[in-house]
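FYI, it's all coordinate maths here, none of it is from the lab. Predicted model, so just to flag it, every value in this text is computed and none were measured. Glycine also receives a Cβ, built like all others from the backbone with ideal geometry; neighbour counts cover every protein chain displayed.
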Amino acid sequence: MAKEPDPEEVPEGAAVVPLIPESAGVSPLFLAVFHALVFFEGSSEEIIDSAAADEAAQFLATYLQRLSGDELRLMKEDLKRLLDHARRQHWSTDQQKLIQDFLAHYGIRDQ
């Protein structure tokens, strides 16, 4: 079972968000993608090769752009639940904005 990252163990420059509990009701698959994108796009070059991270993030975004119908609806519901959780946990304004802008940022059409 994954544990909450210890701020003393996470190297400076690594972009991470807190572990999201099951009780938040967000799909584990979506959370895996969300955490990967935060890490790829937010980590410094001392932590991750930016060209490789950009390519990986673009592939993830491309796959997410293929979602439609019920899959897209479920992702939107996950984003709403994640934002509700972030607000309850007093995440920073920037972290909340990242969730709010997720669809537009990754070019996901909001049908």
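Each other residue within a Cβ distance under 13 Å of Gly107 adds +1 if Lys or Arg and -1 if Asp or Glu, for a net charge of 0.
Modelled label positions at Gln100 and Thr62, each set 7 Å beyond Cα in the direction of Cβ, lie 3.1 nm from each other. Summing Cβ point charges (Lys, Arg +1; Asp, Glu -1) relative to the Cα centre of the chain gives a dipole of roughly 720 debye. Counting only the Cα atoms, segment 26-105 fills a convex hull of 92 Å³ per residue.
Each Lys or Arg adds one and each Asp or Glu subtracts one; over the other residues with Cβ under 12 Å from the Cβ of Leu72, this totals -1.
Taking 0.36 nm per residue of separation and subtracting the current Cα-Cα distance, fully stretching the chain between Asp110 and Val10 would add 32.5 nm.
Summary of the geometry: segment 42-59 and segment 60-96, compared by the centres of their Cα atoms, lie 21 Å apart.
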